[in-house]
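A quick write-up on the structure given underneath.
No lab work stands behind these numbers, since they all come straight from the coordinates. Since this is a predicted model, take the numbers as computed values, not measurements. Using ideal geometry, Cβ is built from the backbone for each residue, glycine included, and neighbour counts are taken over all protein chains shown.
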Amino acid sequence: MARHHSQGGFIKSRLIGLFASLFFSVPTAILIWFGVNKQLAYFDAGFFSSTYLIACILIFSVLALLFPRLFSSILGGIWRGILKVERWWGW
């Protein structure tokens, strides 16, 4: 039998996936923003405003909405990168 998916179900599943991904992507964006600002403050080079934090969260949201199956791999790669940078900076 052929499956018939309604458009409402597709949009609903995308929105549920988006809200679930925000649970992980918002803390990731915050950690990236704080980490970068910490290093900029260490070198007395100023800091990024909260606009960059909001932009980072919006970019993660768009990625999660456009690539729902790939987003977990993207976020995993970002976390691995954070850990490598953390070891390199000696935190």
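Below, the figures for the structure above:
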{"read-out": "Given the chain, longest segment not containing exposed loop trypsin sites (Lys or Arg not before Pro) (DSSP; at most 11 other Cβ within 10 Å)", "value": "4-68"}
{"read-out": "Kyte-Doolittle mean at least 1.6, axial Cα span of 20 Å or more - DSSP H helices of the chain", "value": "50-66"}
{"read-out": "Most fluctuating residue given options 64, 45, 55, as computed from a GNM of the chain linking Cα atoms under 10 Å", "value": "45"}
{"read-out": "Full-stretch length increase - residue 44, residue 26 - with 0.36 nm per residue and alpha-carbon distance subtracted", "value": "3.8 nm"}
{"read-out": "Rounded to the nearest 20 debye, dipole of the chain from Cβ charges on Lys, Arg, Asp, Glu", "value": "400"}
